[in-house]
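Notes to accompany the following structure.
Only the coordinates and a few stated rules stand behind these numbers; no lab work does. Because the structure is a prediction, the values reported are computed rather than measured. Cβ atoms come from the backbone with ideal geometry, glycine included; neighbour counts cover every protein chain shown.
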Amino acid sequence: MSHKGIAGSVAVVTGAGGGIGRAVATALAAQGAAVAAVDVNPESTAQTVTGLAQAGQRGKGYARDVTDTAGVERLFDEIEHDLGPVDILVNAAGILRTGPVVDCPDHNWHDLIAVNATGVFTVSRAAARQMVPRRRGCIITVASNAAGVPRAAMAAYAASKAAAVAFTKSLGLELAPHGIRCNVVSPGTTDTPMLWAMRPEGYTEADAVAGDPDLYRIGIPLGRIARPEDIADAVCFLASPAARHITLHDLYVDGGASLR
């Protein structure tokens, strides 16, 4: 899918070391963006950048923790020095911990909030500070359909993603007068290592599609789980001039699983 207007831009993608983040970085680079691939894992970051280079695309890796406020502020100065003014930010960094609330240890809650919510705040704030004087740019947060639909055994994760959604929309209201758009993409079940790590042994795509009445999950009406590229295509659309009049929007990419 081609989205005119991305070519020549500079895009920052957090969580670019794998899964949805890597797919987003790859898709934006394929559209002609210079991509700053940000991830806490240096090896994964390097793999993403190597893939871009092998495809003849422009990218540079930055090993950074999105919860490190001072590091994030320095990050944007480094990116603008290396690649140029940032036009697009995609908050794709995220972690997943599951289990009943009564069994949820404090550190799981704190980690989820730190990465999935505080990380979005920290990175988006740094990007906005660079974008506002230029009066252009867009910020896209990859959240989850769990932010809008109750999910058993995912309460802490859902809360962290709901915080990210509310923050991104409110930020969009503040930045709209400066010509900066802020949107959310909310995936459902997606074929990533994070998904399979949380599922029991023997769990299959067919199980995900069928749903689980014991957990009040209806399944996926379209009959398939998402691929990371499906999410990346939605991000590219929202990052492009084709979405120039869209802001404060939450685009669900979940095959109908949330019945929205």
Filtering the stretch 156-167 for residues that are surrounded by fewer than 24 Cβ atoms within 10 Å (Cβ to Cβ) and in contact with a strand residue (DSSP E or B) (Cβ under 9 Å, 6 or more places away or on another chain) leaves a count of 2
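From the list 6, 20, pick out the single residue that is farther than 21 Å from residue 125 by Cα, β-branched (Val, Ile, Thr) and surrounded by 24 or more Cβ atoms within 10 Å (Cβ to Cβ).
Among 6, 20, only 20 is farther than 21 Å from residue 125 by Cα, β-branched (Val, Ile, Thr) and surrounded by 24 or more Cβ atoms within 10 Å (Cβ to Cβ).
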What residue, of 77, 87, 82, 65, is without any contact (Cβ under 8 Å) to a residue 12 or more places away in the chain and out of contact with any Asp or Glu (no Cβ under 7 Å at 6 or more places or on another chain)? 77
Count of the stretch 187-244 residues which are among the basic types (Lys, Arg), touching a strand residue (DSSP E or B) at 6+ places or on another chain (Cβ under 9 Å) and farther than 18 Å from residue 142 by Cβ: 1
Just wondering, is there one or more residues in the stretch 84-99 that are among the polar types (S, T, N, Q), over 18 Å from the mean Cα position of the chain (by Cα) and closer than 26 Å to residue 131 by Cα? no
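Conditions tested, residue by residue: (1) more than 20 Å from the chain's Cα centre (by Cα); (2) surrounded by 19 or more Cβ atoms within 10 Å (Cβ to Cβ); (3) within 24 Å of residue 95 (Cα to Cα).
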site: 210; (1), (2), (3): yes, no, no
site: 213; (1), (2), (3): yes, no, no
site: 223; (1), (2), (3): yes, no, no
site: 244; (1), (2), (3): no, no, no
site: 257; (1), (2), (3): no, yes, yes
State which residue is nearest to residue 120 (Cα to Cα) when the search covers only the stretch 44-58 and only residues that are in contact (Cβ under 8 Å) with a residue 24 or more places away in the chain, assigned to a helix (DSSP H, G or I) and of a type outside the set (Val, Ile, Thr). 44
Condition set assigned to a loop (DSSP other than H, G, I, E, B) and among the β-branched types (Val, Ile, Thr), scope the stretch 59-88, selection nearest to residue 124 (Cα to Cα): answer is 66
The stretch 204-260 - residue that is among the charged types (D, E, K, R) and part of a strand (DSSP E or B) and, of those, farthest from residue 7 (Cα to Cα): 212
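Just name the residue that is surrounded by the most Cβ atoms within 10 Å (Cβ to Cβ) out of those in the stretch 175-199 that are of a type outside the set (A, V, I, L, M, F, W, C), touching a residue at least 12 places away in the same chain (Cβ under 8 Å) and in a helix (DSSP H, G or I).
If we take residues in the stretch 175-199 being of a type outside the set (A, V, I, L, M, F, W, C), touching a residue at least 12 places away in the same chain (Cβ under 8 Å) and in a helix (DSSP H, G or I), then 178 is surrounded by the most Cβ atoms within 10 Å (Cβ to Cβ).
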